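**Student:** Handing you a structure now.
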Amino acid sequence: MREETPKQQYLRSGELARLAGVSTDTLRHYERKGLLARPRRSANGYREYPASDLDRVRLVRSALGIGFTLDELARILSVRDRGGAPCHEVRALAGTKLTEVETQLGELAALRDELRRLLKNWDALLAKNSPSERAGLLESLAAKTSRRRTRASSLTHTSINRKKESKETQW
C-alpha cells in the first residue's frame with residue numbers, strides 16, 4: 001500500500017497578504033527584491049504562493065522591525081536558501097544596528113535636554129510679555145544659532161592664529 005504525501009498548499013496573493021498583514025504590492029516588492037521566490041501561476045493567472053511563504057513574510061516583517069533592510073535580508077536569505085549558515089553575519093548586522101540605535105538615543109537625549117532649556121527660556125520670555133504681545137520665540141532660535149556660529153568661528157580663528165604663532169616662534 002502506497003502512502004500519499006500531503007499535497008502542497010498554496011495561497012493566493014490576497015490571502016497571503018491578509019494573513020501576513022501586508023499588501024499585495026508588498027508581496028510583489030518582496031519578489032522583486034528576492035525575498036520571496038516567484039510564485040506559480042494558476043490557470044487564470046493568479047499568483048499562488050506556497051503556504052510556507054507566510055512564515056517567510058512574517059520573518060521579513062520582524063527583521064524589518066528591528067532595523068534590517070530589505071537588501072540585507074535578501075542577501076542573508078539567499079545564503080540560507082542555498083544551504084548556508086549566515087548566522088554570524090546576522091549577529092554582526094544586529095550588533096551594528098544596536099550601535100546605531102544607541103547613537104540615536106544619545107542624539108535624542110541631547111535634543112530633549114536642548115528642548116527643555118529652550119522651553120524654560122521661552123517660559124521666561126512669555127512671562128515678561130502680555131498674551132497679545134509677540135515674545136520673539138522663533139527669532140530667539142535664529143539669534144541663538146547665529147551666536148553659536150560666531151562662537152565657533154572665533155574659536156576656529158583663535159586656533160588658527162595660535163598655530164601660526166607657534167610656527168613663527170619655532171623659526
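The values are calculated or read from the model by the stated rules, or taken from the named source; none is laboratory data. Here the structure is a predicted model, which is why all the values come from computation and not from measurement. Cβ coordinates were reconstructed from backbone atoms using ideal geometry, including for glycine residues, and neighbour counts include every protein chain displayed.
**Student:** Output yes when any residue across region 46-54 is surrounded by 14 or more Cβ atoms within 10 Å (Cβ to Cβ) and without any contact (Cβ under 8 Å) to a residue 12 or more places away in the chain, and no when none is.
**Tutor:** No: region 46-54 contains no residue that is surrounded by 14 or more Cβ atoms within 10 Å (Cβ to Cβ) and without any contact (Cβ under 8 Å) to a residue 12 or more places away in the chain.
**Student:** Would you confirm whether or not region 35-46 contains a residue that is over 26 Å from THR96 (Cβ atoms), at pLDDT 95 or above and more than 22 Å from the chain's Cα centre (by Cα)?
**Tutor:** No; the residues of region 35-46 include none that is over 26 Å from THR96 (Cβ atoms), at pLDDT 95 or above and more than 22 Å from the chain's Cα centre (by Cα).
**Student:** At pLDDT 90 or above and of a type in the set (S, T, N, Q): which single residue out of ASN121, ASN161 fits that description?
**Tutor:** Just one listed residue meets the conditions, ASN121.
**Student:** Turning to a different aspect of this structure: Hey, can you tell me all the residues within region 55-73 that are crowded, with 16+ Cβ neighbours inside 10 Å, more than 14 Å from LEU27 (Cβ to Cβ) and not acidic (Asp, Glu)?
**Tutor:** Selection gives ALA63, PHE68, LEU73.
**Student:** Assigned by TED's automatic domain parsing to the domain that holds LEU27 and either within 17 Å of the chain's Cα centre (by Cα) or touching a residue at least 40 places away in the same chain (Cβ under 8 Å) (or both), is that true of ILE66?
**Tutor:** yes
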